Amino acid sequence: DAGVIQSPRHEVTEMGQEVTLRCKPISGHNSLFWYRQTMMRGLELLIYFNNNVPIDDSGMPEDRFSAKMPNASFSTLKIQPSEPRDSAVYFCASSTTVLSYEQYFGPGTRLTVT
Amino acid sequence: AQSVTQLDSQVPVFEEAPVELRCNYSSSVSVYLFWYVQYPNQGLQLLLKYLSGSTLVESINGFEAEFNKSQTSFHLRKPSVHISDTAEYFCAVTPSGGSYIPTFGRGTSLIVHP
């Protein structure tokens, strides 16, 4: 199994630009999570999907952030417009609630907004 | 709601010394408990988990954690650390029913010196 796949691994963009982060969960997993990791705030849950439906987006910081999961094998996190304070590592994780609730994390996307 | 407290942000030790990383949690419902490890520039990986049964759980690389319900703790231990154990360690809890949303601690940086 290839594990959770995220792209791009690194993204550098200028303030005001749109950024799209992509995630492919592990096949068969029906839950998908987007996290943000910074030194200041640690690991923050942004949004959680179950069976492709957004269940809890209370962690999404602002309307500039949006996430979609059009099918079971693909999700995007979009920031529009981006700001320097959005600089962080963004992780996607998937899990199957049938088994054990443990999460499988992707390698992350390091976003730098200048 | 749940909360997780990792009491030490950084733990420096010498190689072959024992180590304990502390984790306390609070929850109004039963929870499952996890330790994840994050190596530099990588995503989090599950190290070990407690779901039920024996309160002492072990990982394949020599770590162990003990669930103490009365003290609401899940401390991680290793009797002899290696340089390769240098990483960030995260404690996490998930409700054992209903919501599948995990709560992570702020992490403990384990630094193993030669």
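The values are calculated or read from the model by the stated rules, or taken from the named source; none is laboratory data. Being a predicted model, the structure only gives us computed values, none of them experimental. As a convention, Cβ positions derive from the backbone with ideal geometry for all residues, glycine included, and neighbour counts pool all protein chains shown.
Within segment B:84-114, track down each residue that is farther than 22 Å from A:Gly59 by Cα and touching a Pro at 6+ places or on another chain (Cβ under 6 Å).
B:Ile111, the sole residue that qualifies.
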Task: Single residue of segment A:74-101 satisfying the filter (over 17 Å from the mean Cα position of the chain (by Cα) and facing chain B (nearest Cβ under 8 Å)) that is farthest from B:Ser30 (Cα to Cα) - done: A:Thr97
- [ ] Evaluate segment B:28-46: report whether one residue or more is surrounded by fewer than 16 Cβ atoms within 10 Å (Cβ to Cβ) and at positive phi.
- [x] yes
TODO: Specify the residue that is nearest to B:Thr103 (Cα to Cα); the eligible residues are those in segment A:23-43 that are loosely packed, with under 15 Cβ neighbours inside 10 Å and of a type outside the set (A, V, I, L, M, F, W, C).
DONE: A:Arg41
Open item on the list: Please go through (1) over 13 Å from B:Val93 (Cα atoms); (2) among the small types (Gly, Ala, Ser); (3) loosely packed, with under 12 Cβ neighbours inside 10 Å for B:Ala1 and return the number of the only condition it doesn't satisfy.
Closed with: (1)
TODO: Can you run down the residue pairs with Cβ atoms below 7 Å, 6 or more apart or on separate chains, where the first is in segment B:10-26 and surrounded by fewer than 17 Cβ atoms within 10 Å (Cβ to Cβ) and the partner is aromatic (Phe, Trp, Tyr)?
DONE: none
Open item on the list: Just checking, does segment A:59-67 include any residue being within 11 Å of chain B (Cβ to nearest Cβ) and surrounded by fewer than 15 Cβ atoms within 10 Å (Cβ to Cβ)?
Closed with: no
Task: Complete set of residues in segment A:87-103 that are without any contact (Cβ under 8 Å) to a residue 60 or more places away in the chain, surrounded by 15 or more Cβ atoms within 10 Å (Cβ to Cβ) and part of a loop (DSSP other than H, G, I, E, B) - done: A:Ser87, A:Tyr101, A:Glu102
Task: Residue pairs meeting the criteria (Cβ under 8 Å; at least 6 apart or on separate chains; first more than 10 Å from chain A (Cβ to nearest Cβ), in segment B:28-41; second exposed (fewer than 11 other Cβ atoms within 10 Å of the Cβ) and at pLDDT below 95) - done: B:Ser28/B:Ala1; B:Val29/B:Gly97; B:Val29/B:Gly98; B:Ser30/B:Gly97
TODO: Within segment A:53-86, track down each residue that is more than 24 Å from B:Ala92 (Cα to Cα) and outside any strand (DSSP E or B).
DONE: A:Glu62, A:Asp63, A:Arg64, A:Ala72, A:Ser73, A:Gln80, A:Pro81, A:Ser82, A:Glu83, A:Pro84, A:Arg85, A:Asp86
TODO: May I ask you to verify whether B:Leu56 is hydrophobic (A, V, I, L, M, F, W, C), more than 14 Å from chain A (Cβ to nearest Cβ) and touching a residue at least 60 places away in the same chain (Cβ under 8 Å)?
DONE: no
- [ ] Go over the candidates B:Ala92, B:Ala87 one by one and state the one that is within 14 Å of chain A (Cβ to nearest Cβ) and under 10 Å from the mean Cα position of the chain (by Cα).
- [x] B:Ala92
